[in-house]
Amino acid sequence: MNNFIYDIPVKVYFGENQLVHLGEELARHGRRVLLVYGGGSIKANGLYERLAAEIQRAGLELFELGGIAPNPRIDSVREGAAICKRNNIDVILAAGGGSTIDAGKWIAAGACAEHDPWDFFTKRSPVTKALPVVTVLTLAATGSEMDCGGVISNLETQDKLARMAPVLLPKASFLDPTLTYSVSVYQTACGAADILSHIMEVYFNMEQDLYMLDCFMEGMMKTVIKYAPTALKEPANYEARANLMWASSWAINGFASGGRRQAWSCHPIEHELSAVYDITHGLGLAILTPRWLAYCLDEATAPKYAQFGVNVFGIADNQEPMLIAKESIARLEEFLFETLELPRTLSAVGISQESFAGMAQKACGGRVIPGFKPLAQQDIENILAMCW
Ligand code: NZQ
Ligand code: ZN
């Protein structure tokens, strides 16, 4: 295994009513707060009033930017950065799902830069400074609440680009599972698929790493498979929402990856799907992941699938690894497309085969994704064809 550095300094306030600490937490970072939020769910479910009340109680000044879209746009980042500069904002409060939090992070960086925020992505401008970000998570999915990444879309260029930088790590995140009770069945399912994918991108790996981390990831996958169906049937089930929420954060906060260095495979492909077709991130991953696994299956990789099938789905281990591997992919498909009821194919969500070559070329940057199995453009086109 490789050496690694573990450093996740995000203060997490987990549980119901932890928002009573919001004012004191924000006040640690300054007095002028920019509240960033999405298309209106926080107004519909009463969260907006609670946040405004906490900010007022702490004697802080509230500014706001609503309307952050799913697959957040660079235009919103530009607008938020300009508001920060105009009003000497001290701290960003991002309240929503991954899109809002990602936008909040890049607004925080844009506020400290003289150049256009899109330059962070296209020109790789250094990300050395950002305003402090505090998050209130309302959807268990991306893990943005506990990682230093953010993904931003540019509709004009049909680009959706991800970048990580330590200064983007939230200072604190509020994880109250009751705030996810209002998430729709569809978004709950997509979020579960995203959490699973974050784990699988690391778990399906040819590099040797700690047995302990494999056990951790298997436990996390079992958690999602156990609790997502409960959350779909009983949206206000605290135990289910709490398990999904904490799994969301831990799937991608860097702990599970240990010293593994291999690249992720499905995420760069999915980002092209949502860049061109603006589909939900977790849905794209649900369609891609079992087909990617099927594409990568051979005698060399089969034992890892067998370990997954036995430890996560409880498949009997008295069979050939290849048989267990195939059954485990079938069980994963059953979970995603029957239990979570997500659409099974790209054609079902209106994606055309004509765009496969272009998306595949962009996903691998014209080179090879050095993942579980190296994927060149033709491999990605083949996987997309399997999804169609
Ligand atoms: O915009 P509002 O009105 O808030 O509604 C949202 C949105 O329509 C709604 N929603 C969120 N919380 C809700 C709620 N509706 C009712 N009740 C609530 N409590 O759900 C819809 C989707 O929200 P969004 O934030 O887009 O979803 P998600 O959390 O899945 O974020 C997806 C974005 O994050 C990126 C994705 O690519 C995508 O752009 N990712 C970010 C990552 C990161 N920062 O580390 C990693 C991920 O792999 C991912 O790429
Ligand atoms: Zn994801």
Between 0 and 90°, nearest 10: helix 377-387 axis offset from the chain longest Cα axis
90
Rounded to the nearest 10 degrees, what's the angle between the helix 211-233 long axis and the longest principal axis of the chain, both from Cα atoms, 0 to 90?
70
Take segment 293-364, drop everything but the C-alpha atoms, weight them equally and run the Debye formula without solvent; then report log10 I(q)/I(0) at 0.17 Å⁻¹ to two decimals.
-0.77
With a Förster radius of 45 Å, plug the Cβ-Cβ distance of residue 226 and residue 157 into 1/(1 + (r/R0)^6) and report the FRET value to the nearest 0.05.
0.65
In nanometres, what is the gap between the two model label sites at residue 7 and residue 128, each 7 Å from Cα along Cα-to-Cβ?
1.6
Mind checking the angle between helix 266-277 and the chain's longest principal axis? C-alpha axes, 0 to 90 degrees, to the nearest 10.
60
As an exercise, find the ratio Rg/Rh for segment 1-136 from alpha-carbon atoms, using the Kirkwood inverse-distance average for Rh.
0.99
Which values of log₁₀ I(q)/I(0), to two decimal places, follow from the Debye formula for the chain at q = 0.06, 0.10, 0.14, 0.15 Å⁻¹ with a uniform point scatterer at every Cα?
-0.22, -0.63, -1.24, -1.40
At 0.36 nm per residue, minus the direct Cα-Cα distance, what do residue 17 and residue 238 gain on full extension? Give it in nm, one decimal, please.
78.3 nm
Please figure out what share of the DSSP beta bridges in the chain is antiparallel and state it in percent, rounded to the nearest 5.
30
Inter-label distance for residue 300 and residue 208, nm, one decimal - labels placed 7 Å from Cα along Cα-to-Cβ:
1.6
For segment 183-387, convex hull volume per residue from C-alpha positions, Å³
113
Under 19 Å from a point 7 Å along the Cα-to-Cβ line of residue 167: which residues of segment 38-81 have their amide N that close?
77-81
Set the bar at 27 Å for Cα to Cα. Now go through 233/362; 129/222; 11/233; 11/362; 129/160; 226/326 and name every pair that lies beyond it.
233/362; 129/222; 11/233; 11/362
If I model a spin label as a point 7 Å beyond the Cα along the Cα-Cβ vector, how far apart are those points for residue 185 and residue 376 in nm?
4.5
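So which trypsin sites (Lys or Arg not before Pro) in segment 290-388 pass both tests, a DSSP loop state and at most 12 other Cβ atoms within 10 Å of the Cβ? Kindly include the intermediate steps, with their values, before the conclusion.
Details: sites: 291, 304, 326, 331, 344, 362, 367; in loops: 344, 367.
Within segment 290-388, the qualifying trypsin sites (Lys or Arg not before Pro) (loop, at most 12 other Cβ atoms within 10 Å) are 367.
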Give me the net charge of residue 208's neighbourhood, meaning all other residues with Cβ under 13 Å from the Cβ of residue 208; Lys, Arg count +1, Asp, Glu -1.
0
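All of the numbers you see were taken from the coordinates with simple rules; none came from a lab. Keep in mind the model is a prediction, meaning the values are calculated, not measured. With ideal geometry, Cβ positions are generated from the backbone for all residues, glycine too; neighbour counts draw on all protein chains shown.
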